[in-house]
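No lab work stands behind these numbers, since they all come straight from the coordinates. Predicted, not measured: the structure shown is a model, and the values here were computed from it. Methodologically, a virtual Cβ is constructed for each residue, glycine included, from the backbone with ideal geometry; neighbour enumeration extends over all protein chains shown.
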Amino acid sequence: MSIAAIAAAIALLGGFTAGWWLRGARRSPDESVVPIAEGQEAERTPLLRDLRRILNRLPLGVVLVDEHLRIAFANRSSARIFRFNRKGAVGEHILHAIPNVAIERRALDALQGEASFETLQLGEPGRQRTFAISATPLPPDARGPRGVVLVAIDRTEVARLERARTEFLSNVSHELRTPLSSIRLMIETVLDSGDAEASALFLPQALAQVDRLTELVARFLEQASTESGHIRLRLREVDIEELARSIAASFEPAALGKGVNVEVKVARPVRLEGDPDRLAQVFVNLIDNALRHTPVGGEIAIEIDAEGSEAVLRVRDSGDGIPYRSLPHIFERFYVGDPSRAREGEHGGAGLGLAIVKGIVEAHRGSIAAESMLGHGATFVVRLPILRIARD
């Protein structure tokens with residue numbers, strides 16, 4: 001149900017009892033508002049008491065104002081959203097309680113019979129949150145004057161996901177367009193020339209680009225599987241040191257070409273029950289990520305240890321590190337801290353690698369975290385239970 005529909009439902013429900021609330025803002029001779037004490041009307045009207053209880057339990061903010069834009073009622077969530085003292089706000093002009101001209105304007109429009117819906121940023125600069133706010137008029141009835149019901153719902157996470165989706169589509173468009181354009185150009189060159197030498201030169205490159213596309217699509221499918229919770233584990237005993245050394249060896253040519261030293265360090269050998277193919281993917285993604293962000297002459301260390309009942313795997317690099325603002329988000333799907341840097345090289349760019357790692361680790365009942373200081377490298381810490389995994 002949309003927030004507009006929710007607001008309309010609250011307005012319809014509140015229409016039967018709004019008069020009591022609005023009459024609570026009794027006029028003194030100078031027309032100032034004298035708020036009724038909390039619960040006074042609730043004692044007199046069971047319907048009002050029940051409605052007040054319902055509104056106070058809603059996770060969205062509900063504020064009822066009278067025809068003079070003075071607050072007659074505010075539920076608990078509204079106090080958190082608009083950052084005011086709920087009981088103290090009753091009787092105040094809405095602009096005093098909620099210093100936002102756009103909200104006051106929407107309330108004024110609602111008094112003229114015009115319902116509205118708007119997305120607003122509220123809060124201090126740098127800590128703002130996104131709220132969808134609806135203003136719906138309450139028609140006058142025999143019991144009291146008309147008013148307006150304001151409904152606010154936190155849409156910060158939705159807005160963040162929408163931004164991530166937009167960035168993801170941009171990244172994917174780039175990642176798919178580049179190899180497709182290259183493949184087309186190479187094939188056209190071969191067809192136009194009809195030369196065996198051109199075929200020998202361009203067809204292998206075209207095949208490499210096809211492999212790149214295949215890998216990218218595989219990452220999308222892997223992430224979809226992770227998000228849906230359908231990761232199937234083929235469990236058996238795994239020697240973590242043996243697995244780590246095997247994966248590290250596969251990166252030696254790329255590391256040597258870049259002048260980066262990759263080393264496996266084992267403090268205590270660890271064997272656990274897990275899916276060797278999935279755990280190999282964890283090492284592949286973490287080492288690949290480290291190699292892409294480690295400059296020439298840098299170092300990558302894969303450390304294996306045991307702490308209590310957990311296997312602890314660390315992948316350290318001496319690269320450029322992770323910005324502080326990015327650390328809370330790096331395991332989110334589609335998150336790319338620096339899109340221009342992520343597009344360097346043949347891998348990455350879609351923001352899926354670390355999200356896939358997180359899904360695999362959690363499927364093994366483990367956890368993953370990142371530690372970093374900008375300019376001083378990064379460390380990814382994976383913790384996996386050594387005890388046997390409970391089979392579903």
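What the table below lists for this structure:
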| item | result |
| --- | --- |
| Förster radius 51 Å - calculated FRET efficiency between TYR324 and THR214, Cβ distance, rounded to 0.05 | 0.90 |
| Separation in nanometres of the label points that stand 7 Å from Cα toward Cβ, at ALA200 and GLU362 | 5.2 nm |
| Extension gain, ASP277 back to GLN112 (0.36 nm per residue minus Cα-Cα distance, nm) | 52.9 nm |
| Those GluC sites (Glu not before Pro) in the stretch 276-333 that DSSP places in a loop and that have at most 16 other beta carbons within 10 Å | GLU332 |
| LEU95-GLU242 FRET efficiency (beta carbon distance; Förster radius 51 Å; 0.05 resolution) | 0.15 |
| Spin-label model distance (nm) - VAL296 vs LEU120, 7 Å beyond Cα toward Cβ | 5.6 nm |
| Trypsin sites (Lys or Arg not before Pro) lying in DSSP loop within the stretch 58-106, provided at most 14 other Cβ fall within 10 Å | ARG83 |
| Separation in nanometres of the label points that stand 7 Å from Cα toward Cβ, at ARG80 and GLU307 | 3.2 nm |
| Alpha-carbon centroids, the stretch 263-296 and the stretch 90-108: separation in whole Å | 56 Å |
